[in-house]
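The values are calculated or read from the model by the stated rules, or taken from the named source; none is laboratory data. Just so we're clear, the structure is a prediction, and the values are computed from it rather than from any experiment. A quick note on method: Cβ atoms are made from the backbone with ideal geometry, for glycine too, and the neighbour counts reach across all protein chains shown. SASA here: full protein model, heavy atoms, side chains in, ligands and nucleic acids out. Shrake-Rupley method; radii C 1.70, N 1.55, O 1.52, S 1.80 Å.
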Amino acid sequence: MKDIISIAVPKGKLMKPSVSLLSRAGIKGIGISGNSRKLIFNDRKNHYRLMIVRAIDVPTYVEHGAADIGIAGKELILEQDKDLYEPLDLGFGYCKIIVAGPKDSNYPCSGSPKLKVATKYPNIAEDYFSRKGIPVEIIKLYGSIELAPLTGLADRIVDLSSSGRTLAENNLVILDVIAESTARLIVNRASIKIKYERITEIIRKLEDQIKG
Amino acid sequence: MKPFKNQRSSTPRGVTSLLPEAAFRKRLIEGSILDTFSRWGYQEVITPVFEYLDVISIGLGEEFLERGYKFVDRSSGRLMLLRPDVTPQIARMVAMQMRDHPKPIRLSYSENVFRHQDEHAGREREISQIGGELIGIEGPEADAEIISVAIESLKRLGIREFKIVIGHIGFFDEILSRTGIKEGARPEIHEAVLRKDTSRLKEILRREKIGLRGTGLVSEIPWLLGGSDILEKAEMLVKGIGHMEGIKNLKEIFNILTSNGLKDYILIDLGEVRGMGYYTGMVFEIISEGIGYELGGGGRYDNLIGGFGFDCPSTGFALNLERLQILLDKIRIGVEYKSVDLIITNGECTSGELFRVAQRLRDNGSRVIQMPDLSNDDLIKYARSYNIDKGVIVDKELISNNEIYLIDCKKGTRKRINIKEI
């Protein structure tokens with residue numbers, strides 16, 4: 001166990017660039033693919049184990065040490081506030097965490113005493129509006145957030161946006177950018193100390209790939 | 001969310017009831033560590049489960065005050081706090097009750113602490129801590145002793161693959177103040193260093209208009225991680241910004257540990273500046289292969305006892321018993337669990353005779369269950385279900401010759417032997 005480095009790779013849009021970056025740094029999960037039913041891919045020769053994990057679960061795996069290393073979007077790291085290291089900004093997977101509302105909304109106030117905010121990121125949203133001093137009611141949704149203002153479920157949404165197209169198609173406009181997000185390398189706090197030579201080497205190799 | 005709305009959970013989340021075997025194993029670990037403390041001359045103390053909030057809060061950081069369980073004292077109306085941390089209690093105890101005791105004082109404890117945790121975070125709200133404090137000496141010898149006791153505690157439990165990861169609060173503070181970083185930016189930098197978040201760190205330093213040299217220096221802190229060479233590297237790095245007390249102190253501690261033959265257990269991480277808010281110097285964490293969290297940690301806290309009105313330097317550490325138990329379970333270290341040594345029942349005899357034989361065996365140190373009128377088969381069946389090896393049948397005829405029937409519950413055989421042979 002000591003010499004194997006396990007890496008949690010996120011399913012979804014970060015998977016392809018993650019696998020590609022890892023492989024350029026010499027970490028190859030043979031036959032790895034998001035469509036396969038197989039979840040673990042071993043590189044026995046170089047002592048790596050790649051695990052395919054739902055993107056939202058990557059920080060949990062890494063915090064508990066079920067994976068030594070993982071790749072996760074900054075928005076998830078902010079939302080989940082786990083106790084882990086995030087040594088590298090990997091650069092890919094860029095998007096913005098935004099506040100959006102219907103085109104005609106006057107920002108930040110609406111007529112109602114409490115703004116209703118629909119989001120997949122209740123902690124980020126809560127924190128943002130409380131810093132602004134705006135009383136809100138957070139409505140946690142799991143998908144199609146853009147629908148919420150159109151149906152009267154919420155006045156505003158807090159969501160990710162990369163091109164803004166989905167928003168525009170649903171007659172929503174960006175009212176503020178809370179933060180920018182990219183994929184990060186995250187590392188378990190104990191692993192970096194027990195396996196520090198190998199893990200710092202991996203970090204260095206990945207850093208070289210990003211820069212080069 | 002519960003699957004059935006009117007179903008209430010029977011125990012609060014984050015607390016555990018231990019069944020006999022788990023309880024036995026927990027006490028075994030606890031006993032071993034307390035014994036290690038005792039061999040180093042640390043005397044156990046017992047602190048109260050709750051305290052007046054306004055008194056104990058002197059020694060508690062914001063985090064614990066927020067996460068502590070509070071309630072109102074019925075008689076005085078004052079707020080009380082279930083202890084979230086033992087060290088401030090010991091600090092109060094030393095300041096108020098042990099002021100005149102000759103120093104140094106070595107104390108140990110094994111207590112539960114209570115800290116609120118969000119649900120589903122996979123963390124306990126009631127934590128068993130065993131710790132030791134070395135009170136009244138300032139030098140590196142005291143810190144080295146505390147670390148040595150921590151190492152020995154783990155070694156005696158059979159744990160081999162672990163590291164004591166040492167950092168220094170002073171080193172970090174010194175660098176920040178020498179590079180001219182404003183007070184207001186420090187918490188943010190502290191957090192970025194703790195998360196080894198180099199990109200955020202650089203961003204903050206750029207915003208704060210810290211020069212190239214300062215930026216290079218501060219953004220290197222999270223990566224001052226490794227063996228003794230890290231201390232040399234750190235020394236080189238800070239050359240030119242003046243004498244650094246923190247590095248000197250760590251080197252001294254490291255040298256003592258090296259000459260005690262404990263070098264291989266030590267890792268330096270100068271970016272690991274977390275822990276209790278009261279730490280002032282060397283800090284450390286105990287990390288082991290096989291578990292993703294620290295097993296415990298400690299550090300020097302020279303101002304805490306002073307907060308209670310008696311200036312006195314001190315250093316100490318604590319281990320998390322639940323995490324140790326999880327780890328030991330994983331690496332399968334531990335003795336076989338035997339609840340009871342034997343079951344005793346009667347053949348033809350009075351209950352008084354049965355009692356006297358059972359008592360005689362207990363006096364000799366055996367753990368004996370007394371069950372009247374058990375058939376041979378039922379005795380064996382019950383014994384096997386609890387992994388008990390032996391059964392005894394007392395018979396009036398035999399006992400007059402000091403003899404009994406001994407049943408080997410594993411094999412199911414029975415023989416006549418003298419009672420002394422058990």
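Values for this structure:
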{"read-out": "Every residue from the stretch A:59-82 that is farther than 16 Å from A:Ser18 by Cβ and either assigned to a loop (DSSP other than H, G, I, E, B) or free of Cβ contacts under 8 Å to residues at least 24 places away in the same chain (or both)", "value": "A:Thr60, A:His64, A:Gly65, A:Ala66, A:Asp81, A:Lys82"}
{"read-out": "Top-ranked residue in the stretch A:138-154 [being over 15 Å from A:Leu167 (Cβ atoms) and of a type in the set (Ser, Thr, Tyr); ranked as least open to solvent (accessible area, probe 1.4 Å)]", "value": "A:Thr151"}
{"read-out": "Unique match (being surrounded by fewer than 21 Cβ atoms within 10 Å (Cβ to Cβ), outside any strand (DSSP E or B), in contact with a Phe, Trp or Tyr (Cβ under 8 Å, 6 or more places away or on another chain) and aliphatic (A, V, I, L, M)) among A:Ile30, A:Ile56", "value": "A:Ile30"}
{"read-out": "Residue match in the stretch A:80-103 (condition: closer than 30 Å to A:Ile199 by Cα, open to solvent by less than 60 Å² (accessible area, probe 1.4 Å) and out of contact with any strand residue (DSSP E or B) (no Cβ under 9 Å at 6 or more places or on another chain))", "value": "yes"}
{"read-out": "Identity of the residue in the stretch A:169-191, within 23 Å of A:Ser20 (Cα to Cα) and not in a strand (DSSP E or B), that ends up farthest from the other protein chains (Cβ to nearest Cβ)", "value": "A:Thr182"}
{"read-out": "Residue ID - most open to solvent (accessible area, probe 1.4 Å), chosen from residues in the stretch B:220-237 that are away from every other protein chain (no Cβ under 12 Å) and in contact (Cβ under 8 Å) with a residue 40 or more places away in the chain", "value": "B:Ser228"}
{"read-out": "Residue pairs meeting the criteria (Cβ under 7 Å; at least 6 apart or on separate chains; first assigned by TED's automatic domain parsing to the domain that holds B:Ile221 and free of Cβ contacts under 8 Å to residues at least 60 places away in the same chain, in the stretch B:190-201; second open to solvent by 40 Å² or more (accessible area, probe 1.4 Å) and assigned to a helix (DSSP H, G or I))", "value": "B:Ala192/B:Arg200"}
{"read-out": "Residue satisfying all of: in the stretch A:192-201; at the interface with chain B (Cβ under 10 Å from one of its Cβ atoms) and either within 16 Å of the chain's Cα centre (by Cα) or of a type in the set (Lys, Arg) (or both); least open to solvent (accessible area, probe 1.4 Å) among these", "value": "A:Lys193"}
{"read-out": "Residue list for the stretch B:256-270, filter: touching a helix residue (DSSP H, G or I) at 6+ places or on another chain (Cβ under 8 Å) and either more than 9 Å from chain A (Cβ to nearest Cβ) or farther than 26 Å from B:Ala192 by Cβ (or both)", "value": "B:Ile256, B:Leu257, B:Asn260, B:Leu262, B:Lys263, B:Tyr265, B:Ile266, B:Ile268, B:Leu270"}
{"read-out": "Subset of the stretch B:240-277 [assigned to a loop (DSSP other than H, G, I, E, B) and open to solvent by less than 30 Å² (accessible area, probe 1.4 Å)]", "value": "B:Met244, B:Leu262, B:Leu270, B:Gly271, B:Glu272, B:Val273"}
{"read-out": "Test: residue in the stretch B:148-160 that is touching a residue at least 12 places away in the same chain (Cβ under 8 Å), of a type in the set (A, V, I, L, M), crowded, with 16+ Cβ neighbours inside 10 Å and within 14 Å of chain A (Cβ to nearest Cβ)", "value": "yes"}
{"read-out": "The stretch B:172-202 - residue that is within 14 Å of another protein chain (Cβ to nearest Cβ) and basic (Lys, Arg) and, of those, least open to solvent (accessible area, probe 1.4 Å)", "value": "B:Lys196"}
